[in-house]
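A short worksheet on the structure shown next.
Computed from the coordinates by the stated procedures, all read-outs in this text should not be read as laboratory data. None of the values given here were measured: they were computed from a predicted structure. With ideal geometry, Cβ positions are generated from the backbone for all residues, glycine too; neighbour counts draw on all protein chains shown.
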Amino acid sequence: MCDHPLHQGAIYSASPPVARALIEFAKGADLREKGDYYTLLTEFAASARKAFADGRAIPCHSGGDQMDGAAIRDAILEAHAQFATDPGDTLPAIRDGAASLLTAFPEASAEAAREVHERYFVEPGPR
């Protein structure tokens, strides 16, 4: 899942379908696996942002084609409702992953940022 669609921060034409599949896999995953899927999706998002900023990447450098970055961005933004339930999770990997995915792109809604702020940054308890 990692070597070909996401390699050293570079995305390719195979990357968007894999990102969509990872989103689907995360729906029914147990907690440990869900955290792993979120971590991998966060890496796809970072590479998509790099593709937007720098344009097409040369081999073995981060980034990629902007069209592939847009497809990854769209898949992550469309999964907002799936990620929105997790910023308050007790497991850090899930909480961090959900917060990162909800706010991964400038096109994320103000509602997503508000959800992350209200649920991720404000935790009950003395710590």
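Model label sites at PHE52 and GLU118, defined 7 Å from Cα along the beta-carbon direction, differ in position by 2.4 nm. When you restrict to C-alpha pairs under 8 Å that are six or more residues apart and normalise by the size of the chain, the relative contact order lands at 24 percent.
Remark: the chain carries a charge dipole of roughly 160 debye about the Cα centre, counting +1 on each Lys and Arg Cβ and -1 on each Asp and Glu Cβ. Of ILE94, ILE72, ILE23, the sequence from fewest to most neighbouring Cβ atoms within 10 angstrom is ILE23, ILE94, ILE72.
Which of rounded, prolate, oblate describes the chain, given a ≥ b ≥ c as roots of the alpha-carbon gyration tensor eigenvalues and a/c under 1.5 marking rounded, otherwise prolate only if a/b is larger than b/c? Present the calculation step by step, with values, prior to reporting the outcome.
Working: a/c = 2.14, a/b = 1.69, b/c = 1.27.
It comes out prolate by the Cα gyration axes.
Counting only other residues whose beta carbon sits under 13 Å from that of ALA46, what net charge do I get with K and R as +1, D and E as -1? Net of charged neighbours comes to +1. ASP36 sits among other residues whose Cβ lies under 15 Å from its own Cβ, and their net charge, with Lys and Arg +1 and Asp and Glu -1, is -3. For GLU24, the shell of other residues with beta-carbons less than 14 Å away shows a net charge of +1, using +1 for Lys and Arg and -1 for Asp and Glu. Cβ-Cβ distance of GLU111 and LEU31, R₀ of 25 Å, FRET efficiency by 1/(1 + (r/R0)^6): the value works out to about 0.50.
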